[in-house]
1. Going by the structure shown, is A239 farther than 19 Å from A341 by Cα, aliphatic (A, V, I, L, M), in the same structural domain as A410 (by the TED database) and touching a Ser or Thr at 6+ places or on another chain (Cβ under 7 Å)?
2. So for the range 375-394 (the condition being free of Cβ contacts under 8 Å to residues at least 60 places away in the same chain and among the hydrophobic types (A, V, I, L, M, F, W, C)), does at least one residue qualify?
3. Whether any residue in the range 157-169 is outside any loop (DSSP other than H, G, I, E, B) and buried (at least 22 other Cβ atoms within 10 Å of the Cβ) is what I want to check.
4. I'm trying to understand the selection: among the residues of the range 413-456, which are open to solvent by less than 20 Å² (accessible area, probe 1.4 Å) and farther than 18 Å from H344 by Cβ?
5. Determine whether T244 is assigned by the TED database to the domain that holds V342 and free of Cβ contacts under 8 Å to residues at least 60 places away in the same chain.
6. Run down L459, L407 and say which single residue is farther than 30 Å from E542 by Cα and either open to solvent by less than 30 Å² (accessible area, probe 1.4 Å) or assigned by the TED database to the domain that holds P187 (or both).
7. Across the range 232-258, what is the number of residues that are open to solvent by 30 Å² or more (accessible area, probe 1.4 Å) and closer than 26 Å to V285 by Cβ?
Amino acid sequence: MLDPVELADGRDPDGADPAAGPGTAVGALAAVDHHGRPGRRWCGRCRPTSRGAGAARCCAIPRWTSGSGGAAARPACRRGTSTVTRPGCGSTGPPGSASWWSRSAGATPGRGSRPSSRRPTRCDDRPEPGARSPEPGARSPALPGSRSLDWGLVSGTRHYLDHAATTAVRPEAAAAYAEELTRVGNPSSLHAAGRDARRRLEEAREQLAAALDAEPAEVIFTSGGTEADNLAVKGAYWARRAATPERVRLAVSAVEHHAVLEAAGWLAAHEGAVLDLLPVGADGVLDVPALQAHLDAHGRATAVVSVMWANNETGAAQPVERVVALAHAAGVPVHTDAVQAVGHVPVRFGASGVDALSLSGHKLGAPVGVGALLARRELGLSPVEHGGGQERGVRSGTLAVAGARALAAAVSAAVAEQEAEADRLRGLRDRLVAAALAMPGVTLSGPPITSSGPDEARLPGTAHLTIEGADADALLFGLDMAGIAASSGSACQAGVQEASHVLVAMGCSAEQARSALRFSLGWTSTAADVDAVAAALPGVVEQARRAHATRRPRPTTTTTRSVS
């Protein structure tokens with residue numbers, strides 16, 4: 001519960017900044033508690049507790065008092081359990097972390113407890129045991145074009161190689177988003193503020209369309225790639241089936257993102273659709289003759305074909321143009337999930353011939369929570385949600401102008417530097433792969449890397465490896481302890497590690513599918529990140545293999561469930 005005398009942004013009534021000391025303006029980072037919630041802070045020993053009869057109450061927001069002897073502002077626990085001091089040493093840990101507040105020892109939180117007789121602990125320049133400090137030079141101002149971030153703000157992470165899961169917000173996108181937050185107006189309103197918001201929204205739509213070779217009327221703003229995929233798959237299926245009742249089949253590749261697979265699976269389970277999974281080869285690339293055979297046999301009954309532009313795990317590029325040619329010859333529209341492709345490889349909606357294309361902002365430098373579906377005007381879509389009829393009547397809801405502007409800015413920046421950035425990331429990726437393949441029992445998944453000329457068969461910044469005799473969980477834990485962020489595949493699985501359905505579709509065993517690592521580079525990646533992986537990976541692999549050798553055998557069954 002907020003202190004009635006403390007402002008919502010975390011300031012005390014006297015204007016002192018709890019994070020930076022008395023008399024300093026409150027920063028955006030300072031106005032969060034150790035749970036990441038804005039405008040709330042806890043004393044360091046107390047924790048929010050459930051309300052109800054007999055439930056202990058936290059001391060809520062501490063009152064801020066000026067520190068003595070030149071120390072920073074000091075909050076005092078209202079229960080009298082502890083007194084904590086904000087470090088004056090310039091710690092870069094997140095608010096509420098061990099490096100942000102030092103806690104006094106000996107007191108047990110609880111109503112009516114007495115103050116500790118021990119002297120309060122005071123932070124100095126020495127890190128706590130086991131704590132990591134950011135690399136020298138890791139902190140940099142957020143200037144346009146900057147490729148380094150203050151990874152000290154990400155607790156324990158010094159080298160981020162999981163850009164396929166999400167990447168840092170670009171300065172252009174952050175500036176557009178922040179500017180829009182200072183304005184007001186619903187773009188559906190008729191008054192001047194609403195008309196001005198509509199103008200800014202349509203300018204963002206035009207900017208996005210120009211970057212991706214589309215018409216502004218073909219841009220439908222969404223909350224991200226998952227919503228765009230659902231709207232394309234479900235919306236196209238319903239519209240096609242309504243027009244031609246015999247079109248009840250869906251053809252999607254077996255390595256699609258969970259958003260496509262689950263949407264198609266839901267239609268099969270609840271709408272009577274027939275789901276046909278198109279096979280891929282050992283390199284993860286679509287088996288085009290299998291698609292041809294499917295269309296020859298079921299073309300008249302197929303409502304939509306969905307094949308991703310590039311795979312989110314292996315980075316394998318799919319033959320989208322060939323898919324379009326075959327499907328259109330059979331009178332079937334094509335949707336492609338280009339979430340991992342936009343900004344990393346050339347993507348031209350108009351020239352590609354696809355009927356619908358999904359993209360997501362947070363994969364290329366926009367904030368989480370904004371994306372788009374590019375859909376040709378002639379493609380019929382039925383709405384998944386119903387409401388005010390915005391976005392061609394298929395995506396109702398008040399449009400987020402800030403998100404649309406940030407998305408347009410991020411896509412434009414990523415597309416503008418795509419060619420040069422692809423060359424840079426390709427060089428870093430090849431160095432990482434070479435270091436990994438020097439170890440025994442390590443293989444690269446997906447198409448082989450070409451030694452000369454453009455590598456168009458895969459994404460330039462993705463390296464997907466299988467480590468024989470090791471579990472992905474142990475590998476990820478070891479890398480995380482070394483300050484390296486990577487993943488075992490798609491991050492959209494609610495934290496559940498499963499055997500990769502992509503590797504299983506490629507013919508890998510369940511054991512191999514559970515031993516995968518994905519390193520994905522992005523616009524902030526540097527050579528230091530690759531060097532850190534090359535130095536840490538041998539030791540991490542050795543420890544993971546030791547742990548694997550002593551564990552109980554896992555069941556041989558694999559799950560084919562796809563979770564978004």
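1. yes
2. no
3. Yes; the residues of the range 157-169 include at least one that is outside any loop (DSSP other than H, G, I, E, B) and buried (at least 22 other Cβ atoms within 10 Å of the Cβ).
4. Once the filter is applied, which keeps residues that are open to solvent by less than 20 Å² (accessible area, probe 1.4 Å) and farther than 18 Å from H344 by Cβ, the range 413-456 yields A436, V442.
5. yes
6. When all the criteria are applied, what remains is L407.
7. Selection size over the range 232-258: 1.
Residue by residue, here is whether (1) without any contact (Cβ under 8 Å) to a residue 60 or more places away in the chain; (2) more than 29 Å from A486 (Cα to Cα) holds:
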residue	(1), (2)
A301	yes, yes
V304	no, yes
M308	yes, no
G315	no, no
P319	yes, no
A325	yes, yes
A329	yes, yes
T336	yes, no
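The values are calculated or read from the model by the stated rules, or taken from the named source; none is laboratory data. None of these values were measured; they are calculated from a predicted model. Quick reminder, even Gly has a Cβ in these numbers, built from the backbone with ideal geometry, and neighbours come from all protein chains shown. These area figures cover heavy atoms from the full protein model, side chains too; ligands, DNA and RNA do not enter into them. Shrake-Rupley method; radii C 1.70, N 1.55, O 1.52, S 1.80 Å.
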